[in-house]
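Just below is one structure, and these are the notes that go with it.
The values are calculated or read from the model by the stated rules, or taken from the named source; none is laboratory data. In this text, all values refer to a predicted model and were calculated from it rather than measured experimentally. All Cβ positions, glycine included, derive from the backbone under ideal geometry; neighbour counts span all protein chains shown.
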Amino acid sequence: MSFWDNWESYVSSPYGYRTHPISNEYKLHSGTDLALSANTPIPSNINGTVTVSAYNNSYGNYVVVRDNKGLLHYYAHMNERNVNVGDTISVGDTLGLVGSTGNSTGNHLHYEIRGTDGKSIDSGKYLDNVSVVTTEDVTLSNLSLKEKIAYYAIEVFKYIIIVLIIILSVYLFTKSIDM
């Protein structure tokens, strides 16, 4: 059993707008922070391929794993990274150790998910298996505005047809009763 099985009890800062603890700016916190002890092993919660294993000033030591839907899973602020770019990862494989590297105020794991369009997705809802992230959503994010309008117009048209069929059925049913 890993902390992923009970991740809610470790949340120190959820996804969403907040006052940043270092810059004091009110802005989007694009991940979910899990308060964990230094050097706690970080098991992967997905199968995928490592696309980044690096250090930068913001994320510190971090790893990015692309899953089979094309979503990017970020694991940041590690004391140590245990994987390399190109590695194939399975659920349970150790990605690294919890730390406080980069732009951090204490030991924690910053877990972030980005769609194929590069925009962040609420990682808490993803972990709850709430269907806010679907293959259809990821595919739609790649469409142009014109294609999205056409897609939604077709969806609306389908519902209009269904409503018209129901109205016609009710009308014909009540007409047959009147005879």
Q: Run Thr19 past the list (1) among the β-branched types (Val, Ile, Thr); (2) surrounded by 13 or more Cβ atoms within 10 Å (Cβ to Cβ); (3) out of contact with any Gly (no Cβ under 9 Å at 6 or more places or on another chain) and report the number of the one that doesn't hold.
A: (2)
Q. Restricting attention to the range 37-59, and to residues there that are under 16 Å from Gly99 (Cβ atoms) and surrounded by 20 or more Cβ atoms within 10 Å (Cβ to Cβ), which single residue is farthest from the chain's Cα centre (by Cα)?
A. Ser53
Q) Within the range 50-57, is there a residue that is out of contact with any strand residue (DSSP E or B) (no Cβ under 6 Å at 6 or more places or on another chain) and part of a strand (DSSP E or B)? A) yes
Q | Filtered residue count, the range 16-49, keeping only those that are of a type in the set (A, V, I, L, M) and not in a loop (DSSP other than H, G, I, E, B) | A | 3
Q.
Suppose the filter is under 21 Å from the mean Cα position of the chain (by Cα) and either surrounded by 10 or more Cβ atoms within 10 Å (Cβ to Cβ) or at pLDDT below 85 (or both); does Leu164 pass it?
A. no
Q) Applying the selection to the range 22-34, what residues are within 18 Å of Ile113 (Cα to Cα) and surrounded by fewer than 18 Cβ atoms within 10 Å (Cβ to Cβ)? A) Lys27, Leu28, Ser30
Q: Might you check whether a residue that is free of Cβ contacts under 8 Å to residues at least 12 places away in the same chain and under 21 Å from the mean Cα position of the chain (by Cα) occurs anywhere in the range 90-108?
A: no
Q. Does the range 30-60 hold any residues that are small (Gly, Ala, Ser) and in contact (Cβ under 8 Å) with a residue 40 or more places away in the chain, and which are they?
A. Ser30, Gly31, Ala35, Ser37, Ala38, Ser44, Gly48, Ser58, Gly60
Q. Do you know which residues across the range 58-79 are outside any loop (DSSP other than H, G, I, E, B) and farther than 20 Å from Trp7 by Cβ?
A. Gly60, Asn61, Arg66
Q: Kindly list, by first and then second residue, each pair from a residue in the range 18-29 that is free of Cβ contacts under 8 Å to residues at least 40 places away in the same chain and within 19 Å of Asp122 (Cβ to Cβ) to a residue that is surrounded by 10 or more Cβ atoms within 10 Å (Cβ to Cβ) and of a type in the set (Phe, Trp, Tyr), limited to pairs with Cβ atoms under 6 Å and residues at least 6 apart or on different chains.
A: none
Q) Can you name the residue in the range 106-153 that is basic (Lys, Arg), modelled with pLDDT of 80 or more and not in a loop (DSSP other than H, G, I, E, B) and, of all such residues, is surrounded by the most Cβ atoms within 10 Å (Cβ to Cβ)? A) Arg114
Q.
So, Val85, is that one closer than 15 Å to Trp4 by Cβ and either at pLDDT 95 or above or touching a strand residue (DSSP E or B) at 6+ places or on another chain (Cβ under 9 Å) (or both) or not?
A. no
